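Undergrad: Okay, here's the structure, questions in a sec.
The values are calculated or read from the model by the stated rules, or taken from the named source; none is laboratory data. Note that the structure is a prediction, hence the values are computed from the model and not measured. Note that each Cβ is placed from the backbone with ideal geometry, even for glycine, and that neighbours are counted across all protein chains shown.
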Amino acid sequence: MSRDNVTPISRRQGFADPRVTVVIPTYNEAKNLPYVFAAIPEDVHEVIVVDGHSVDGTVEVAQALRPDVRIVLQNRRGKGNAMACGFAAATGDVLVMLDADGSADPQEIPRFVDALTAGADFAKGTRFANGGGSADITRVRAWGNGWLNRIANLLFGTRYTDLCYGYNAFWTHCLDVLELDASDRGRTDRLWGDGFEIETIINTRVAKARLRIVEVPSFEAERQFGQSNLNTWRDGIRVLRALVVERFNGRGKPVVTSRRARLAPIARQTSADVVRGLPTQRTTEPAPEIWSA
């Protein structure tokens, strides 16, 4: 993918010029990084690769592709710890969560930034809105995601359509309510939030804190190289456990389920729509409109 086709963030209409930090957790993703880096807008403030001690030259490839890349070695195991370490090292105004396998398109970053500069605190990617889709999701995963959405929305008063999608962006002030632990406690330790549950924790804590949320249509491609670490049943149980734990823990403000979390209304499609074939190609999405409950 050539940078000639990448839309610079600073050329977007209405751009308020925040500094954008892209945080990419990696573990043995050397073959995928060329595809990911080529699509990142040139004028992002910084790219942080948080590496889990890869053995395939991931760090060296990242440095060769982008000499200004910042390398952070995570201090515990798991995606959640990697994201926490990356967020702690970031110097930008906006943080973008981007997977290293090529499934999330960096060219969509301006969409997320636009949603934030339009007034949202947290921009949540969704494959289940008009303009979104997936070339990778299975019927079982879509079905499970749909049920987890329903449970989350019941417990937290939200209107999420794609709880399990990890392509998100938010202002750095959100870190205060996320309360993620990036401290070095030894690589053998594992804390709550260090694993795959990180995405659910983030989604629920911004809702509990009554932050302004908007969903941004996003298209999920297939992984370029390697095998995904996702396991439908194991990770589904992790997400369900995270929903229960976060509903009753003391992190963030108390949940008020009688009021809806502030979420922009956008045209939606069902889980079945995503796997029927029509949304497996990119389409033009309607602009989301932010509103407050």
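Undergrad: Go through T172, T161 for me and flag whichever is in contact with a strand residue (DSSP E or B) (Cβ under 8 Å, 6 or more places away or on another chain), in contact (Cβ under 8 Å) with a residue 60 or more places away in the chain, among the hydroxyl-bearing types (S, T, Y) and closer than 15 Å to C85 by Cα.
TA: T172
Undergrad: I would also like to ask the following. Hey, can you tell me all the residues within the stretch 112-134 that are buried (at least 21 other Cβ atoms within 10 Å of the Cβ) and either among the hydroxyl-bearing types (S, T, Y) or at pLDDT below 95 (or both)? Can you show your working first?
TA: Going through the stretch 112-134, the residues buried (at least 21 other Cβ atoms within 10 Å of the Cβ) turn out to be 112-116, 120, 122-129, 131-134.
Within the stretch 112-134, T126, R127, F128, A129, G131, G132, G133, S134 meet the criteria.
Undergrad: Next question, about the same structure. Does any residue in the stretch 89-106 that is touching a residue at least 24 places away in the same chain (Cβ under 8 Å) and among the hydroxyl-bearing types (S, T, Y) come within less than 8 Å, Cβ to Cβ, of a residue that is crowded, with 19+ Cβ neighbours inside 10 Å and not in a loop (DSSP other than H, G, I, E, B) six or more places away or on a different chain, and which pairs are these?
TA: Correct list of pairs: T91/T21; S103/E220.
Undergrad: Also, I was wondering about something else. With T158, T172 as the choices, which residue is at pLDDT 90 or above and touching a helix residue (DSSP H, G or I) at 6+ places or on another chain (Cβ under 6 Å)?
TA: Numbers: T172 fails: touching a helix residue (DSSP H, G or I) at 6+ places or on another chain (Cβ under 6 Å).
Among T158, T172, only T158 is at pLDDT 90 or above and touching a helix residue (DSSP H, G or I) at 6+ places or on another chain (Cβ under 6 Å).
Undergrad: Pairs please, first residue from the stretch 209-223 and at positive phi, second anywhere and part of a loop (DSSP other than H, G, I, E, B) and buried (at least 24 other Cβ atoms within 10 Å of the Cβ), Cβ atoms under 9 Å, 6+ apart in sequence or on different chains.
TA: Listed pairs, sorted by first residue: R210/A261.
Undergrad: In this structure, does E199 turn out to be modelled with pLDDT of 60 or more, surrounded by fewer than 17 Cβ atoms within 10 Å (Cβ to Cβ) and closer than 30 Å to Y35 by Cβ?
TA: On the way: modelled with pLDDT of 60 or more: yes; surrounded by fewer than 17 Cβ atoms within 10 Å (Cβ to Cβ): no; closer than 30 Å to Y35 by Cβ: yes.
Against the criterion (modelled with pLDDT of 60 or more, surrounded by fewer than 17 Cβ atoms within 10 Å (Cβ to Cβ) and closer than 30 Å to Y35 by Cβ), E199 does not qualify.
Undergrad: List every residue pair whose Cβ atoms lie under 7 Å apart, where the two residues are 6 or more positions apart in sequence or sit on different chains, the first residue falls within the stretch 186-201 and is of a type in the set (V, I, T), and the second residue, located anywhere, is part of a loop (DSSP other than H, G, I, E, B) and at pLDDT below 75.
TA: What qualifies is I201/G193.
Undergrad: If you don't mind, there's one more thing I want to ask. Going through I137, I109 one at a time, which residue ends up being over 18 Å from A207 (Cβ atoms) and at pLDDT below 90? Quick ask: steps written out before the conclusion?
TA: Values: I109 fails: at pLDDT below 90.
Of the residues listed, the single one that is over 18 Å from A207 (Cβ atoms) and at pLDDT below 90 is I137.
Undergrad: Restricting the first residue to the stretch 24-40 and requiring it to be touching a residue at least 40 places away in the same chain (Cβ under 8 Å) and assigned to a loop (DSSP other than H, G, I, E, B), which pairs with a second residue that is among the hydrophobic types (A, V, I, L, M, F, W, C) and surrounded by fewer than 17 Cβ atoms within 10 Å (Cβ to Cβ) meet a Cβ separation below 8 Å and a spacing of at least six or different chains?
TA: Within 8 Å, the pairs are N28/V55; K31/F225; N32/F225.
Undergrad: Now for a different question. Could you say which residue among G144, G131, G166, G195 is among the small types (G, A, S) and in contact with a Pro (Cβ under 7 Å, 6 or more places away or on another chain)? Give the steps one after another, and end with the answer.
TA: Working: G144 fails: in contact with a Pro (Cβ under 7 Å, 6 or more places away or on another chain); G166 fails: in contact with a Pro (Cβ under 7 Å, 6 or more places away or on another chain); G195 fails: in contact with a Pro (Cβ under 7 Å, 6 or more places away or on another chain).
None of the other options fit; the residue is G131.
Undergrad: Looking at the stretch 153-189, which of the residues that are of a type in the set (G, A, S) and under 17 Å from the mean Cα position of the chain (by Cα) is nearest to A123 (Cα to Cα)? Spell out the reasoning first.
TA: So in the stretch 153-189, the residues of a type in the set (G, A, S) come out as 157, 166, 169, 182-183, 186.
Going one step further and asking which of them are under 17 Å from the mean Cα position of the chain (by Cα), we end up with 166, 169.
Values: G166: 11, A169: 5 Å.
Here the answer is A169.
Undergrad: Still on this model: List the pairs whose first member sits in the stretch 70-81 and is farther than 10 Å from H53 by Cα, whose second member is among the acidic types (D, E) and in a strand (DSSP E or B), and whose Cβ atoms are under 7 Å apart, counting only residues at least 6 apart or on separate chains?
TA: Note: pairs meeting the criteria are R70/E46; I71/D51.
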